[in-house]
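The values are calculated or read from the model by the stated rules, or taken from the named source; none is laboratory data. Owing to the predicted nature of the structure, the values given are computational and were not obtained by experimental measurement. In this analysis, Cβ positions are derived from the backbone assuming ideal geometry, glycine residues included, and neighbour counts consider all displayed protein chains.
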Amino acid sequence: MMTHASNATPPAAGAAPTDTHEHSGESYPALVWRRFRRSRLALVGLAMLLLLVMLSVFAPFFAPVDPTARNSANSYGPPQTLSWYSEEEGFSLRPFVHPYEESFDPVTYQPILEPDTGERIYVTFFARGWEYTWLGISLSRHLIQLEDGSPLHLLGSDALGRDLFSRILFGSRLTLLLGVLVVAVSVTVGTLVGITSGYFGGRKDNLIQRITELFLAFPELPLFLALIAILPQAAQASTLFLLMVGILSILKWAQLAREVRGKALSLAQLDYVKAAIACGASDKRIILRHILPNVMSHVIVVATILIPNVILAESFLSFLGVGIQAPLISLGQLLNAAADFQAVGAYPWLLSPVLFILLAVLAFNAIGDGLRDAIDPYGKVR
């Protein structure tokens, strides 16, 4: 049986993977995006992440109430729901909320705030409210406000009468920033250590791998608790934040270093790398031009999966009271108010930060799964 020789030429060594069904002019990033957008779950995760980032970056604009403002009269106030209809007056073209009405529990005689359905307070958009500074500019416009100037509690208030929705927006900003910083440090260290170990090999590889295994041998949770317990509690909150970034980065780089080292070992044996060595190319040029680009796809996927792990770790540590400290606000710190089961049973809206944590974790996991399939050079494009 005769076979016909293919006219297609193999890609050059070290070139980005291509697909036989694609146009010859399509770049690798365009191919990855086309594969990525075929995953509906990944696109949903990307949309969720963009929404969370937008709410975090522009938190002062979306926050109806100053997150640090206390109001003892609204202590443990229930969520105020935006409505367009009431049985007394029917439909309304403008959204409104019902103000709080104080009553007493017939058993414990504790004061209870309940919505007064007989009264309306209309909502205004892009109105002036509490003043804030964004990028050095003093502003007072907010997306939503009540026309009488009273505080709007979309997710209720805490024990000190502070608006929970506004605090969640500011807390998500700090939590996402922490996750990005920890992953940036961990990925940078892990990638450099892994490439160095896999490319040079020999004694350097043995020494680096023994150090990496030492970090992998430590149990994460007890070590985190021990390190955070010795942090100077009298230090400024920003200093504690940076120290926590360093602590969370200590053990996160080791696993990535092992994975990158394995890829670097295989890449160092390829013909185009040996040809570059034979031509006298420096180690720096070989690593930056040939090794690093071929491991970046794996590093990106690991980074998207590592961020939710860091978010969960911060939330857990702050929930225990050994993480982010006041006056800084994080999602885990907000959950610390829900540590009392009796308070959660009486005021379930204190668990609202859990929803934002779940959205962030699910968004990053969905994006990571989509990227993992999209950057696979052997993946089938439909």
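For the subset of region 264-282 comprising residues that are more than 21 Å from ILE208 (Cα to Cα) and of a type in the set (Ser, Thr, Tyr), which member is surrounded by the fewest Cβ atoms within 10 Å (Cβ to Cβ)? Per the criteria, the residue is SER282. Pick out the one residue from ARG141, ARG173, ARG128 that is closer than 13 Å to ALA63 by Cα, under 24 Å from the mean Cα position of the chain (by Cα) and not hydrophobic (A, V, I, L, M, F, W, C). Residue meeting the stated conditions: ARG173. When the strands (runs of 3 or more DSSP E) confined to region 80-161 are screened for residues that are touching a strand residue (DSSP E or B) at 6+ places or on another chain (Cβ under 9 Å) and of a type in the set (A, V, I, L, M), those reaching at least 3 such residues are found at 121-134, 137-146.
Within region 27-53, residues that are closer than 13 Å to ALA366 by Cβ sit with their Cβ atoms under 9 Å from residues that are at pLDDT 90 or above and of a type in the set (Ser, Thr, Tyr), at 6+ positions apart or across chains, in these pairs: LEU52/SER172.
Residues are listed down the side, and each one gets a yes or a no for (1) among the polar types (S, T, N, Q); (2) in contact (Cβ under 8 Å) with a residue 40 or more places away in the chain; (3) exposed (fewer than 11 other Cβ atoms within 10 Å of the Cβ); (4) closer than 18 Å to ALA73 by Cα:
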residue: ILE112; (1), (2), (3), (4): no, no, no, yes
residue: ARG128; (1), (2), (3), (4): no, no, no, no
residue: GLY136; (1), (2), (3), (4): no, no, yes, no
residue: GLU147; (1), (2), (3), (4): no, no, no, no
residue: PHE165; (1), (2), (3), (4): no, yes, no, yes
residue: GLY179; (1), (2), (3), (4): no, yes, no, no
residue: VAL183; (1), (2), (3), (4): no, yes, no, no
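When residues in region 177-218 are screened for being modelled with pLDDT of 80 or more and in a loop (DSSP other than H, G, I, E, B), 1 of them pass. With the structure loaded, tell me whether PHE356 is part of a helix (DSSP H, G or I) and farther than 22 Å from VAL187 by Cβ or whether it fails that test. Here the answer is yes, as PHE356 does meet what is asked. For region 129-153, a residue qualifies if it is aliphatic (A, V, I, L, M) and under 15 Å from ASN71 (Cβ atoms), and the qualifying residues are LEU146, LEU152.
Of everything in region 219-230 that is crowded, with 16+ Cβ neighbours inside 10 Å and either closer than 23 Å to ARG261 by Cβ or of a type outside the set (Val, Ile, Thr) (or both), the residue that is modelled with the highest pLDDT is PHE224. Answer yes or no as to whether LEU154 is surrounded by fewer than 21 Cβ atoms within 10 Å (Cβ to Cβ) and at pLDDT below 90. Considered against the rule, which asks whether it is surrounded by fewer than 21 Cβ atoms within 10 Å (Cβ to Cβ) and at pLDDT below 90, LEU154 comes out as no. Just one residue in the set TYR347, TYR272 is farther than 30 Å from VAL44 by Cβ and out of contact with any Phe, Trp or Tyr (no Cβ under 8 Å at 6 or more places or on another chain); that residue is TYR272.
Screening region 358-382 for residues that are at pLDDT below 90 and of a type in the set (Gly, Ala, Ser) and picking the one that is surrounded by the fewest Cβ atoms within 10 Å (Cβ to Cβ) gives GLY379.
Against the condition more than 30 Å from LEU154 (Cα to Cα) and part of a helix (DSSP H, G or I), how does VAL299 come out, does it pass? So VAL299 passes the test.
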